[in-house]
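The next block holds one structure in the form of C-alpha cells; read it before the comments.
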Amino acid sequence: MVIIMEKNAQSDHIEHVEERLHDQGFKIHKSVGMEHLLLGVIGDTTKLDVRDWKVLPGVVDAYRISAPYKLVSREFKKHDTVISIKDVQIGAENLAIMAGPCSVESREQLETIASRLAGRGVRILRGGAFKPRTSPYSFQGMGEKGLQILRETADKYNMIIITEAMDKDQIELISQYADILQVGARNMQNFSFIKALGKARIPIFLKRGIAATIQEWLMSAEYILSGGNQNVMLCERGIRTFENYTRNTLDISAIPIAKKLSHLPIIADPSHGTGIRDKVIPMARAAVAAGADGLMIEVHHDPENAMSDGAQSLFPEQFDDLMDQIRIIAQVVGKTIELPETV
Ligand code: PEP
Ligand code: MN
C-alpha cells in the first residue's frame, strides 16, 4: 500500500500516520514526489482496509499496489492449476467441456441427453438437482433423487458430474454423489457456505456473482483455498448490466483478466451469460478464443418443454456443430480437446 500525504502536510499528521503503521508492525519507505510525501507500506497488507488510511488527517489518497488475495494469485503460483478428477483434467492446455440440462427432470430425460453427449465425447455431465430459482413457484429440482439419477447415468457413460449445492448443509450429500460441486452465482458471497467449502474435499466450481467485481470473485475463491481446498475452478457466467436484451452480459474480458491474476482454471458459461439459445454459440466461441479453460453449456433434447432454462438450452445438433467449431478455435489458442470429430 502507498499512502500519499497532502502537499505541505503538517508534521504531526505525518507522524500520526507513521506511528499507526509502526504500531501495526509495518516498515515505511518514504519518498518525496514533486509535491507530495509518499509513504510506502512494507509488510503483509492483506488485512488492511485502504479506506481507514484515506480518512486520516493530512492524507490525500491511499491505494494498494499488491492484491488482497494471495493463494489464488499468479504471484503465489506461476503455473496453471490442473484439477484431476478420475481421468479428466481441467486447466492448463486442456479444454474442458461440461454439458447437460439445466435441471435433472427424470431418468429418461437425463438418459436421452447424456447418451447423446457421451456419444459426442463429453466427459463432464452437468445437471441441477437443487435449483436456485428466482420464484418460489418455479420447479425447485428433484433433490436427492436427482443426484441418484445423475450418478447412475454418469457411471453408465463414464462421465463425471457437476451439480449445485445451495448451502452448507448440502455439501455432504452432494459430495456422496457428485465429482464437482457448483456454487451458484447467488451464493458466491455466502460466507458461511464458502468457508465450509474450504474444509470440503470435493473440487469447487465457483460462479461469479451477478454483481461481483473480479476482485470480489477472487476473494471468494481465496476463502476456499485458505480453508484448505485447493481445487477451485472459476466460472464467468455473466453479470448484471443495464442491458436487458440478454439475460446477463457475459464478461468475456474477465477471462483474460482472471487468467492473468490467477492460476485457477476459468470456465465460461455462455448459457446463463446470454440466456438466449442462438447467442450461446457465438459467445462460446468467443470465450474459448479469449482463453477460457472450458465451457459449461446447457443442452436439452426438448428445450421447449424443459422445466428450467429451456430458452437458453441448445438442441443436441446445435451442440454438435458448436463442438466442431470449438475444436478449430482450440487449436488456434493452443488447447487440446478430447472430442471425436463428427462424421
Ligand atoms: C445453473 O447453472 O443452472 C445456475 C442456476 O447457474 P447460475 O448460478 O449461474 O444462475
Ligand atoms: Mn440453468
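The values are calculated or read from the model by the stated rules, or taken from the named source; none is laboratory data. Quick caveat: nothing in here was measured; it's all calculated off a predicted structure. With ideal geometry, Cβ positions are generated from the backbone for all residues, glycine too; neighbour counts draw on all protein chains shown.
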> What number of residues within the range 212-235 satisfy the criterion of being aromatic (Phe, Trp, Tyr) and under 20 Å from residue 256 (Cβ atoms)?
Replying inline: 1
> Which pairs do you get when a residue that is closer than 11 Å to residue 113 by Cβ and in the same structural domain as residue 130 (by TED's automatic domain parsing), found in the range 302-326, comes within reach of a residue that is within 15 Å of ligand 2 (Cβ to nearest atom) and modelled with pLDDT under 95, reach meaning Cβ atoms under 6 angstrom, with the pair 6+ apart or on two chains?
Replying inline: none
> Which residues, counting only those in the range 275-296, are in a helix (DSSP H, G or I) and within 16 Å of the chain's Cα centre (by Cα)?
Replying inline: 284, 287, 288
> Which of the following residues is modelled with pLDDT of 95 or more and within 30 Å of residue 301 (Cα to Cα): 73, 103?
Replying inline: 103
> Can you pull out the strands (runs of 3 or more DSSP E) entirely within the range 1-75 that have at least 1 residues that are of a type in the set (Gly, Ala, Ser)?
Replying inline: 27-32, 37-42, 59-63
>> Checking residue 303 against (1) in contact with a helix residue (DSSP H, G or I) (Cβ under 6 Å, 6 or more places away or on another chain); (2) within 15 Å of ligand 2 (Cβ to nearest atom); (3) on the phi > 0 side of the Ramachandran plot: exactly one of these is not met. Which one?
In response: (3)
>> Give me the residue from the range 204-218 that is within 26 Å of residue 99 (Cβ to Cβ) and surrounded by fewer than 23 Cβ atoms within 10 Å (Cβ to Cβ) and, out of that set, nearest to ligand 2 (Cβ to nearest atom).
In response: 210
> When residue 339 is evaluated against the numbered criteria (1) among the aliphatic types (A, V, I, L, M); (2) crowded, with 19+ Cβ neighbours inside 10 Å; (3) more than 16 Å from ligand 2 (Cβ to nearest atom), which criterion, by number, is the only one it fails?
Replying inline: (2)
